[in-house]
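Since the structure comes first, as structure tokens, the remarks are kept for the end.
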Amino acid sequence: MCGIFGYCGGKKASEILIEGLKRLEYRGYDSSGICVGNGSKFSVYKRVGKIKVLADTLPEKPFGHNGIAHTRWATHGGVTEANAHPHTDCNEKIAIVHNGIIENYQQLKDKLLVKGHKFKSETDSEVIAHLIEEVFNGDLTKAVKQVLPMLKGTYGLIAMHVDCPDVLVGARNGSPLILGIGNNEMFLASDVNAMVAYTKQVVYLNDKEIVTVTPDGFTTSDVQDNAIHKDITMVETDGESFDKQGYNHFMMKEIAEQTEAIKRGMVGRLNVDEATGHLGGLNMDNAQLLDVERIVLVAAGTSYYAGMTASYLIENLVRIPARVELASELRYKNIIVEKNTLYFVISQSGETADTLFALRELQRKGAHVLGICNAVGSTIARETDGGVYIHSGPEIAVASTKAFTSQLTALYIFTLLMARIRHLSFEQGKEFINAFNELPALIEEILSADDKIEQIADKYYKSQSFMFLGRGINYPVAMEGALKLKEISYIHAEGFGAGELKHGPIALINEQTPSFFLVPDDALRDKNISNMKEVKARGGKIIAVCTNGDDEVKEIADDVIEVPKIMPCFYPFLLVVPLQLFAYHCAVKLGRDVDQPRNLAKSVTVE
Ligand code: M6R
């Protein structure tokens, strides 16, 4: 989704801004732009399409040491140069970049039009530049502080003014903004990845905070002018991970990295001596965990499916009710927060607006909410009452892969801990840990069968529609498989509980609609086989993902992908990998933009 970046220092700003934008590319965007201070005027460049197009249009000569930049993902107004940020006021003395949505922009714009302001775009964001113009009286921070209370909605924004050279003013409310502290240079960005190449010292701004930045310092305050003390944090993100490291796409690299990511997520968290899990970040002792009577997992997209998978495991092993909620729904449903209930918000990016606002709504109602996040220092990670980092490393491809299995890793360890506090015996805990430890090698085995999966993709990639069917703990995996395929190949795909087939979806079966069946050797295998036969009887093609050597499944299915045998509750980790690979190969064969599929953003920071 939109990314913002600002620079203020002694170097050639345009080069640093373009580099920063490239590091925001993975979030998804449709146009971009920069504004650089250039003596008594601004130089603004905007382009539709890739950052490279923008970079190629910039003049060679240096033209300024401070500036702001933006990658836009259209919300208000089409994908045009005029609608791309930065936006300027009537006299082109003020420039702003903005993430988020100004909900009352039309009312504000109407008033500004009456006052004679001339607008150049259809965006909601442009009103901010004109509002600053209205109130500016030589002090940019003061002007921004006067404008912020007029805005209804969400923002992460940076403003600059030609009359205030070497000053950037940033503010946040519901959209992330981070300050980077360099050597006589400062950075502002919506994503720490934009600045890690230049500095590892950062300050995470909270909502309603305003920062004024010059090359050699910064001040933070609120709209009432109260100074706010901020701690400086060292980030550990590794800039090199932005390399494809020989892979054609980040997605394939991230699928392959799953074995290492799972191992990282397990380190120090499986206590073999006591056959239990250890998660220090929960900030809850065993007595408090024993008081938990119910678990609610809240998330969006792939993270939701990870939560749904965990809900099956928790009910089965911990023997307490567990349910999953879509963050986008929870936010508006006036949820009943129950006592003795532990809430989890799950988010790879830690910035998903729906999940963040669901978290705040839960906290407002008194819930204790833990986070499961990948992005260290992200807003959700900071605002939750405790939680677990999944440590899967930066996930760049829009389609989430390694974050899913890493989220499962954290949730499975949590389940082990909770189950061992209750009914799971020492021996059962040990068996669970043994199976856990087998996972990386087994996933490696599946990855080595990639050629076969590619051949199957070659046979089916021209299909118009797919069904994904699974039962029990593998039902969410079926839905995740369908999500992967649709988002990167644009092929229509739906995931269903296989038991639902006869309740409607079977009407879709014909020779042109292949079905993926997840049919490992678990307690529901025979039920799945019956469903496969029903599909077969209606001429449907079947691709089955089953356990090694399952001859009965092989006989019914048209194509088979085998996964190694494991303790049944761990099959989601194994079954999802072929589905990721299948989606990847279909997308490549169809010539899709695998890492940045159309219309999608990596981090959905607006609702
Ligand atoms: O960063 P989050 O985990 O909160 O993101 C949630 C969804 O937006 C995300 O999983 C999305 O569905 C992915 N594109 C799936 O591949």
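The values are calculated or read from the model by the stated rules, or taken from the named source; none is laboratory data. Keep in mind that what you see is a predicted model, and the values were worked out from it rather than measured. Cβ coordinates were reconstructed from backbone atoms using ideal geometry, including for glycine residues, and neighbour counts include every protein chain displayed. Only protein heavy atoms, including side chains, enter the accessible area calculation; ligands, DNA and RNA are left aside. Shrake-Rupley method; radii C 1.70, N 1.55, O 1.52, S 1.80 Å.
Pairing residues of segment 395-412 that are more than 12 Å from ALA310 (Cα to Cα) and within 11 Å of the ligand (Cβ to nearest atom) with residues that are open to solvent by 10 Å² or more (accessible area, probe 1.4 Å) and part of a helix (DSSP H, G or I), at Cβ distances under 6 Å and at least 6 apart in sequence or on separate chains, gives ALA397/PHE250; ALA399/GLU487; SER400/THR302. For segment 331-347, the set of residues classified as over 13 Å from GLY387 (Cβ atoms) and within 12 Å of the ligand (Cβ to nearest atom) is empty.
Consider segment 461-509 and keep the residues that are of a type in the set (Ser, Thr, Tyr) and away from the ligand (no atom under 16 Å from the Cβ). The one that is farthest from PHE570 (Cα to Cα) is SER463. Across segment 348-394, which residue is farthest from the ligand (Cβ to nearest atom) among those that are closer than 23 Å to LEU289 by Cα and small (Gly, Ala, Ser)? It comes out as GLY366. For ASP595, the conditions (1) touching a residue at least 24 places away in the same chain (Cβ under 8 Å); (2) open to solvent by 10 Å² or more (accessible area, probe 1.4 Å); (3) more than 16 Å from the ligand (Cβ to nearest atom); (4) of a type outside the set (S, T, N, Q) are fulfilled apart from (3). GLN455 fulfils the conditions (1) in the same structural domain as VAL298 (by TED's automatic domain parsing); (2) on the phi < 0 side of the Ramachandran plot; (3) more than 14 Å from the chain's Cα centre (by Cα) except for a single criterion, (1).
Considering only residues in segment 18-46 that are without any contact (Cβ under 8 Å) to a residue 40 or more places away in the chain and of a type in the set (Ser, Thr, Tyr), the one that is farthest from CYS164 (Cα to Cα) turns out to be TYR45.
Residues that are open to solvent by 40 Å² or more (accessible area, probe 1.4 Å) and in a strand (DSSP E or B) within segment 197-220 comprise GLN201, THR214, PHE218, THR219, listed in sequence order. Meeting the requirement of 2 or more residues that are polar (S, T, N, Q) and open to solvent by less than 40 Å² (accessible area, probe 1.4 Å), the helices (runs of 4 or more DSSP H) wholly within segment 250-342 are 258-266, 301-317. As for segment 527-544, it holds no residue that is in a loop (DSSP other than H, G, I, E, B) and under 30 Å from THR415 (Cα atoms). Residue count for segment 354-375, restricted to those that are among the aliphatic types (A, V, I, L, M) and either in contact with a His (Cβ under 8 Å, 6 or more places away or on another chain) or surrounded by fewer than 18 Cβ atoms within 10 Å (Cβ to Cβ) (or both): 0.
Residue by residue, here is whether (1) within 18 Å of VAL553 (Cβ to Cβ); (2) not assigned by TED's automatic domain parsing to the domain that holds ILE543 holds:
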{"site": "ARG422", "(1), (2)": "no, yes"}
{"site": "GLU438", "(1), (2)": "no, yes"}
{"site": "ALA441", "(1), (2)": "no, yes"}
{"site": "SER463", "(1), (2)": "no, no"}
{"site": "GLY472", "(1), (2)": "yes, no"}
{"site": "MET479", "(1), (2)": "no, no"}
{"site": "ALA482", "(1), (2)": "no, no"}
{"site": "TYR490", "(1), (2)": "no, no"}
{"site": "GLY497", "(1), (2)": "no, no"}
